[in-house]
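K.L.:
Below is a structure I'd like to ask you about.
Each reported figure results from applying straightforward, stated rules to the coordinates on display, with no laboratory input. Keep in mind that this is a model prediction, so the values were computed, not measured. Don't worry about glycine lacking a Cβ; one is built from the backbone with ideal geometry, like all the others, and counts go over all protein chains shown.
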Amino acid sequence: MSKKGLEVFDRTVQESHEWVNELAERLDWASHRDALRMMRSVLHLIRDHLPNDESAQFSAQLPILIRGMYFEGWQPKNTPIKARRADQFIATIEGEVGNVLDYRGPEDITAVFKLINARISRGEVADVRANLSVELQNLWPAP
């Protein structure tokens, strides 16, 4: 029981830590802060590639704290973005996390996709992937 009686907050903090811990392990990165930055960057790009309805459906399966980060800075009128190539996706991520010493490139982006595959329903992952270009689908392994 939560000391303040706000179990929903305690639960989402715990779930969010689990996501970040699992990603740091998948990435084999020492810094959980960098792993969170990586997850945030990839989630923002996924969000920006999706139609608004699909983005909302996908976000519903994220822990509340991560869902808040997912929508941070979102401008629905500007989505989905026109850039649909994998090299553009990778370059955008590298612009945000390329200075992380442990960053290895597309392999680490794929680790985020694998985390999503493990934590989100197969049906929702399939729906999200179906909204991406073939190049991006090839970057994101099927669950």
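K.L.:
Quick one: order Ser16, Ser31 by neighbouring beta-carbon count within 10 Å, fewest to most. It would help to have the intermediate numbers written out before the result.
P.N.:
On the way: Ser16 20, Ser31 14.
By the 10 Å Cβ count, ascending, the order reads Ser31, Ser16.
K.L.:
Could you tell me which helices of the chain pass both thresholds, a Cα extent of 15 Å or more along their own axis and a mean Kyte-Doolittle hydropathy of at least -1.0, with helices taken as whole DSSP H runs?
P.N.:
In the chain, the long hydrophobic H runs are 7-27, 32-49, 86-97, 106-119.
K.L.:
Right, here's the next one. Tell me the net charge near Met38. Cut-off is 14 Å between Cβ atoms, Met38 excluded, with +1 for each Lys or Arg and -1 for each Asp or Glu.
P.N.:
Once positives and negatives cancel, what remains is -3.
K.L.:
If packing is taken as the average count of other Cβ atoms within 10 Å, what order do 52-60, 79-87, 38-46 fall into, highest mean first?
P.N.:
Those peptides, ordered most packed to least, come out 38-46, 52-60, 79-87.
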